[in-house]
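Beneath this line is the structure, given in structure tokens, with notes to follow.
The values are calculated or read from the model by the stated rules, or taken from the named source; none is laboratory data. Remember, predicted model here, so these are calculated numbers, not experimental data. When we count neighbours, we look across all protein chains shown, and the Cβ atoms used for this are built from the backbone with ideal geometry, even at glycine.
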Amino acid sequence: MDISGSKEHPRTGRILLLGSTGSIGVNTIEVVRHLAGQDGPTFEIVALAGGRRATELRVQAEALGVRDIAIADESRAGELEGLGRLHVGEDAALELVRSVARPGDLVIGAMVGAAGIAPTIAALERGCDVALANKETLVAAGSVVIPTARRNGARIIPIDSEHSAIYQCLRGGRCPEEIERLVLTASGGPFRTWDIERIKAATVEQALDHPTWSMGPKVTIDSASMMNKALELIEAHWLFDLPSSRLEAVVHPQSIVHSFVEFVDGSVFAQLSPPDMKMPIQYALTAPARSTACSPRIDWTSFGDLKFEPVDHDRFPALRTALGVIDAGGSAGAVFNAANEIAVQAFLDGAIGFGQIIETVRRTLEQTTITQIESLEDVFLADSEARERARSLLTPGHAGT
Ligand code: MG
């Protein structure tokens with residue numbers, strides 16, 4: 001997205017935090033508290049949306065004095081009674097945005113999965129900037145989300161560490177015309193050095209044991225399969241308006257360099273910081289200004305080597321599939337994302353092996369006719385059909401094939 005362009009809506013300093021009880025949400029609250037004690041911009045959180053962790057949501061709302069609250073899980077809503085204006089159910093976050101958001105507010109999109117799409121669109125339509133941590137929103141619905149942002153004079157500011165790195169490096173040149181390529185770094189996850197048969201047979205516990213980042217279960221499993229990097233390549237395509245031929249990934253186990261931008265004259269910019277999400281969250285709040293950090297700094301005295309390795313596409317086939325999804329366009333991103341969400345949940349539930357995650361995604365794509373996306377309804381239709389197809393591929397008759 002345009003990083004220097006004019007904004008039609010001056011920032012209000014109000015934040016609607018969607019996905020407040022997840023790891024990004026909790027870190028966002030820490031950053032907002034930290035900024036309150038600094039010179040520079042400060043923020044007030046005015047709305048909170050969570051999935052099912054009602055106890056944590058209640059504690060957050062009381063501590064922050066927030067009276068507009070959404071919870072997706074209806075069975076947990078009773079725990080929030082008496083707090084203020086409560087929205088409950090599948091569309092709770094969407095209703096929250098519709099009733100609370102004003103032009104110039106900042107909406108933090110940190111929900112997990114395709115559930116983030118509708119609230120993001122609603123926020124952009126209201127002239128709110130969206131700081132986006134939910135990569136599935138752009139993967140599935142980029143062709144609707146980006147034009148909606150442009151039409152409403154709203155910015156999408158990436159929180160994902162790689163895209164935040166690129167966003168920061170892009171202050172060194174014009175995007176897309178001066179960009180040769182973007183290189184996203186990947187930690188390689190817990191299976192970076194494992195052979196292909198061992199990866200296929202990996203357990204849930206092994207897949208959840210990420211070497212550098214502490215994240216929720218969905219994104220941690222995605223990191224182990226490198227599906228996370230695959231989703232991020234598609235996300236980068238939408239955010240920075242570049243074709244698949246100018247998007248790459250490289251394995252960088254230390255997670256210190258968060259991505260590279262190579263300009264047409266051969267100059268390469270990188271953004272470095274310790275693997276802590278408070279840094280990209282804080283930049284999303286203060287950009288293009290900077291405030292003193294609450295996240296750790298690099299200690300150059302104890303700094304070892306920075307290592308880079310090519311991606312092994314035989315062991316981690318998700319990335320090539322993602323580049324094909326970018327080329328296919330249309331509903332391919334929605335299908336890719338939906339099949340992955342179903343397969344990851346099935347793996348976490350013990351229904352399929354680790355190797356079957358990417359197999360399920362690839363076979364769902366193979367068996368689906370990719371269609372044009374004209375509207376959000378088209379996205380949701382492609383999403384629900386792909387979920388159904390992916391589920392049918394998980395049934396015992398198909399398992400292990
Ligand atoms: Mg990332």
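Observations on the structure shown:
- Boolean, GLU341 is free of Cβ contacts under 8 Å to residues at least 24 places away in the same chain and either under 13 Å from LEU393 (Cβ atoms) or surrounded by 14 or more Cβ atoms within 10 Å (Cβ to Cβ) (or both): no
- When the helices (runs of 4 or more DSSP H) confined to segment 141-240 are screened for residues that are buried (at least 16 other Cβ atoms within 10 Å of the Cβ), those reaching at least 2 such residues are found at 161-169, 196-200, 217-225, 227-240.
- Cβ pairs under 9 Å, 6+ apart, first in segment 356-385 and among the acidic types (Asp, Glu), second surrounded by fewer than 20 Cβ atoms within 10 Å (Cβ to Cβ): GLU359/THR401; ASP378/GLY330; ASP378/THR371; ASP378/GLN372
- Cβ-Cβ contacts under 7 Å between residues 6 or more apart (or on different chains), taken from a first residue in segment 119-135 that is in contact (Cβ under 8 Å) with a residue 12 or more places away in the chain and closer than 19 Å to ASP91 by Cβ to a second residue that is more than 16 Å from the ligand (Cβ to nearest atom) and acidic (Asp, Glu), are listed as CYS128/ASP105.
- Considering each residue of segment 140-162 in turn, at least one proves to be closer than 25 Å to VAL107 by Cβ, within 16 Å of the ligand (Cβ to nearest atom) and touching a His at 6+ places or on another chain (Cβ under 7 Å).
- Subset of segment 178-206 (residues that are touching a residue at least 40 places away in the same chain (Cβ under 8 Å), farther than 20 Å from LYS229 by Cα and not aliphatic (A, V, I, L, M)): GLU178, THR203
- Answer from VAL59, VAL32 - the residue that is assigned to a helix (DSSP H, G or I), under 22 Å from the mean Cα position of the chain (by Cα) and assigned by TED's automatic domain parsing to the domain that holds GLY153: VAL32
- Test: VAL100 is closer than 27 Å to TYR167 by Cα and assigned by TED's automatic domain parsing to the domain that holds ARG151: no
- Residues (over 20 Å from the mean Cα position of the chain (by Cα) and among the charged types (D, E, K, R)) located in segment 293-336: ARG297, ASP299, ASP305, LYS307, GLU309, ASP312, ASP314, ARG315, ASP327
- Selection status of PHE347, surrounded by 18 or more Cβ atoms within 10 Å (Cβ to Cβ) and in a loop (DSSP other than H, G, I, E, B): no
- With respect to the conditions (1) over 19 Å from ALA284 (Cα atoms); (2) touching a strand residue (DSSP E or B) at 6+ places or on another chain (Cβ under 7 Å); (3) β-branched (Val, Ile, Thr), THR120 lacks only one, and its number is (1).
- Considering segment 121-136, and only residues there that are within 14 Å of the ligand (Cβ to nearest atom) and assigned to a helix (DSSP H, G or I), the residue that is surrounded by the most Cβ atoms within 10 Å (Cβ to Cβ) turns out to be GLU136.
- Residues of segment 207-236 satisfying the condition of being out of contact with any Asp or Glu (no Cβ under 7 Å at 6 or more places or on another chain), touching a residue at least 24 places away in the same chain (Cβ under 8 Å) and not aliphatic (A, V, I, L, M): PRO211, THR212, TRP213, SER214, GLY216, PRO217, LYS218, ASP222, SER223, SER225, LYS229
- Residue in segment 305-316 that is in a helix (DSSP H, G or I) and either in the same structural domain as ILE196 (by TED's automatic domain parsing) or more than 16 Å from MET226 (Cβ to Cβ) (or both) present: no
- Annotation: VAL344 fulfils all but one of (1) out of contact with any Leu (no Cβ under 9 Å at 6 or more places or on another chain); (2) under 25 Å from LEU124 (Cβ atoms); the unmet one is (2).
- Of all residues in segment 256-274 being part of a loop (DSSP other than H, G, I, E, B) and touching a helix residue (DSSP H, G or I) at 6+ places or on another chain (Cβ under 8 Å), the one that is farthest from the ligand (Cβ to nearest atom): SER267
- Just one residue in the set GLU377, GLU341 is over 20 Å from ALA236 (Cα atoms), outside any loop (DSSP other than H, G, I, E, B) and of a type in the set (Asp, Glu); that residue is GLU377.
- Residues within segment 216-237 that are under 11 Å from LYS135 (Cα atoms) and either more than 15 Å from the ligand (Cβ to nearest atom) or at pLDDT below 95 (or both), tallied: 1
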